[in-house]
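No lab work stands behind these numbers, since they all come straight from the coordinates. Treat the numbers as computed from the prediction; the structure is a model and nothing was measured. Cβ sites come from the backbone with ideal geometry, for glycine too, and all protein chains shown count toward neighbours.
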Amino acid sequence: MTTAVKSKIYLSSPHMSGREQDYVAEAFATNWIAPLGPHVDAFEAEFAAYVGVKAAAAVSSGTAAIHLALRLMGVGAGDIVFCSSLTFVASANPIVYQGAVPVFIDSEPDTWNMSPQALERALADAKASGRLPKAVIVVNLYGQSAKMDEITALCDQYGVPMLEDAAESLGSTYKGRASGTFGQYGIYSFNGNKIITTSGGGMLVSDDAEAMKTARFYATQARDPAPHYQHSQLGYNYRMSNVLAGIGRAQLQVLDERVKARRAIFETYREQLGGLPGVRMMPELEGTSSNRWLTAATIDEREAGVSVAALLDALAAENIEARPVWKPLHLQPLFERAAYYAHAERDSVSDTLFHTGICLPSGSNMTEEDQARVIECMTNLIRKGRSS
Ligand SMILES: *Cc1c(COP(=O)(O)O)cnc(C)c1O
């Protein structure tokens, strides 16, 4: 007997609304294919209004947006930049692009994001050595906001500007305010796996409209206002194309629906899996609302009777894409010489989350049957683990 291969369930795949093609068609009809064009201007204005900032700059990726923000903050060769450790490598790579030196800050258990107590120790040490960081990059993991009140208070106390990496938290709020708007700069990503996508792209936001003008200048090769090609500063080719901005405009219109769908997916996982032995869902800090970009949980192997690695293998065998939690950057070979501040002495929270965490398929286009398949697979394994 042959068993049919079950259709693949992705971790988080693009989810078009259907209106994207109207905007793309408009770009084609007017021949605003590239570069820039009216969709780019409109996408920036609509995006800035949505998150509630004065200005936005549409760029080719979230990584490019981080790079531009660091440049605007004056980060240069030999400078120190603090960064969350538990994140995707793109949060920190632009530090190195600028020739600066990353210092990684651990997570705390309530949000899985930057630990204010680790940040406080790092800032105190930096001050004592006379080398304060040029910037602090705070990541909002899987949609959950970091402890912004505590972190901004520390940054203000030491006079260090903050860049909020909200690549994963578009549509999330902290005390009613949009995630990504707490730092001097904020960035978002429209990569294919994010909550909304332009196939690839990013956005830099700030209440400093002049700085956003400068960002657009750097992002278009820093061309001086002259009829000939004249350049006084180093620039990049980082702007978003008008075709992709059209996709972004249509995606932004359904963002609230996408957040609702991802939160509902999380709720179903929580109801069905959250009560199983050893399973703990990622928390949501009081006063915040996460977009639940990815449903994440930790598995206590002793209680659940099964390891994260075994769960991932079993899900893969069922053609289900699940992932471990990000490997912390202080554990990456690329950054093996970087300094690191743990949450507390002999308590590295991000290490524990990395060893016990799992991300489950969370796409807003997942069907109920898809989710039931994931839940059944998880439930069978965890119960089997218990009975053996
Ligand atoms: C996706 C992501 C980025 C990078 O965005 P790209 O658009 O892929 O360059 C940066 N930081 C975090 C936390 C991300 O998840």
* Asked: Can you give the Kirkwood hydrodynamic radius of the range 200-245 from its Cα pairs, in Å with one decimal?
  -> 11.7 Å
* How long are the three semi-axes of the equivalent ellipsoid for the range 270-319, computed from the Cα gyration tensor as the root of 5 times each eigenvalue, in whole Å, largest first? -> 23, 14, 9
* Pairs LYS54/LYS147; LYS147/LYS327; LYS8/LYS147; LYS8/LYS194; LYS127/LYS175; LYS175/LYS327: which are spaced more than 27 Å apart, C-alpha to C-alpha? -> LYS8/LYS147; LYS127/LYS175; LYS175/LYS327
* To do: Using R₀ = 45 Å, calculate the FRET efficiency as 1/(1 + (r/R₀)^6) where r is the Cβ-Cβ separation of MET281 and ASN31; round to 0.05.
  => 0.35
* Hydrodynamic radius by Kirkwood, which averages 1/r over all alpha carbon pairs of the range 131-273, in angstrom -> 17.2 Å
* Asked: Of all the C-alpha pairs in the range 110-184, what % are more than 19 Å from each other?
  -> 30 percent
* In the chain, what is the volume of the convex hull around the alpha carbon atoms, normalised per residue and reported in Å³? -> 155 Å³
* **In Hz, Karplus ³J(HN,Hα) per residue of the range 193-198 (6.51, -1.76, 1.60; θ = phi - 60°; x = Gly, Pro)** => 9, 7, 5, 10, 9, 10
* Asked: Which of the peptides 259-265, 114-120, 367-373 is most tightly packed, and how do the rest follow, judged by the mean count of other Cβ atoms within 10 Å per residue?
  -> 114-120, 259-265, 367-373
* Structure fact -> Over all viewing directions the Cα convex hull of the range 221-299 casts an average projected area in nm² of 9.7 nm²
* Asked: Quick one: Kirkwood hydrodynamic radius for the range 256-387, alpha-carbon pairs, angstrom, one decimal?
  -> 15.9 Å
* Spin-label pair ASP313/ASP300, simplified geometry with 7 Å Cα→Cβ offset, distance in nm -> 2.4 nm
* On a C-alpha basis, how far is the centre of the range 5-82 from the centre of the range 188-225 in Å? Whole number, if you could? => 6 Å
* Asked: Relative to the compact globular guide of 2.2 N^0.38 Å, what is the alpha carbon radius of gyration of the range 1-154, as a ratio?
  -> 1.38
* So for the chain: antiparallel DSSP bridges make up what percent, rounded to the nearest 5? -> 60 percent
* Structure fact -> Among beta bridges assigned by DSSP with both residues in the range 159-296, the antiparallel ones amount in percent, to the nearest 5, to 75 percent
